[in-house]
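Reading through the structure tokens given below for one structure.
Coordinate-derived values only; no laboratory data. Just so it is clear, the structure is predicted and the values come from calculations on it, not from any experiment. Please note: Cβ atoms are built from the backbone with ideal geometry, for glycine as well, and neighbour counts cover all protein chains shown.
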Amino acid sequence: MVHQLPPLPYDYSALEPVIDTQTMKLHHDMHHAAYVKNLNTALEKHPNLQSKKVEELLRDLNAIPEDIRATVRNNGGGHMNHSMFWKIMKPRGGGDPAGAVSKLIHDTFGSFNDFKTKFNDAGAKHFGSGWVWLAGKPTGEVQIITTPNQDNPISQGLFPILGNDLWEHAYYLKYNNRRPEYLAAWWNVVNWEEVNRRVEIFLSYHEPALAAR
């Protein structure tokens, strides 16, 4: 196996009550695991790509052979997105951000509350499955965007700083069709230390290629 499913950095129940135990088990052990399996299977057809990190594969999808391009885009994206997602959450997280991410948010959006409102609104309005992101531009600026399916901002030349999963499997068992409620509750488990680590990488390099999972 070239790519591997990373273990959760906490117990399945650790994010209760925001994210329930059953959702975490299904999300990590089934959905993320399937992305990893499908990605590895696709890369078996082109062994020269097996040594590349998932970030390298997604950064230039046009360089991926056409027969596996869609599979790499969907499953490589799912692997990269979720590998980040587990890390940017933690038990007893949330609260107001501090450090570099706080400055970046205030400089761009005016206040943390204004940022949350715009982020949640973008996520609530996104049609169908996808992700909502705080993404960095090569110029050093940041913006809120959404991407369909498992697309990652790195494929657009952007740096994924913070992202929330909008797929129904991320929230439906607990919140049903109440996506705005899930988006609002999610801030209570954000791991701002990890987000700050990602911001520091972005501010140091402004290079999507360095967007570590």
The long-range amide H neighbours of Leu166, using H built 1.01 Å from N in the peptide plane and a cut-off of under 5 Å, are Gly130, Trp131, Val132
Restricting to Cα pairs under 8 Å and 6 or more apart, the percent relative contact order of the chain works out to 25
Correct semi-axes for the range 124-213, from √(5λ) of the alpha-carbon gyration tensor and rounded to whole Å with the largest first, are 25, 14, 10
The chain: most fluctuating residue of Lys137, Lys37, Lys52 per GNM, C-alpha cutoff 10 Å: Lys52
Please check the chain for the longest run free of GluC sites (Glu not before Pro) that are loop-located per DSSP (anything but H, G, I, E, B) and have at most 16 other Cβ atoms within 10 Å. 45-140
For Tyr10, other-chain or 5+-apart residues with amide H closer than 5 Å (H placed, Pro excluded) are none
Whole-Å distance linking the alpha carbon centroid of the range 31-85 with that of the range 94-137 is 27
Rotationally averaged projected area of the chain (alpha carbon convex hull; nm²): 10.9
Run through the range 92-183 and list the trypsin sites (Lys or Arg not before Pro) located in a DSSP loop whose Cβ has at most 15 other Cβ atoms within 10 Å. Arg92, Arg178
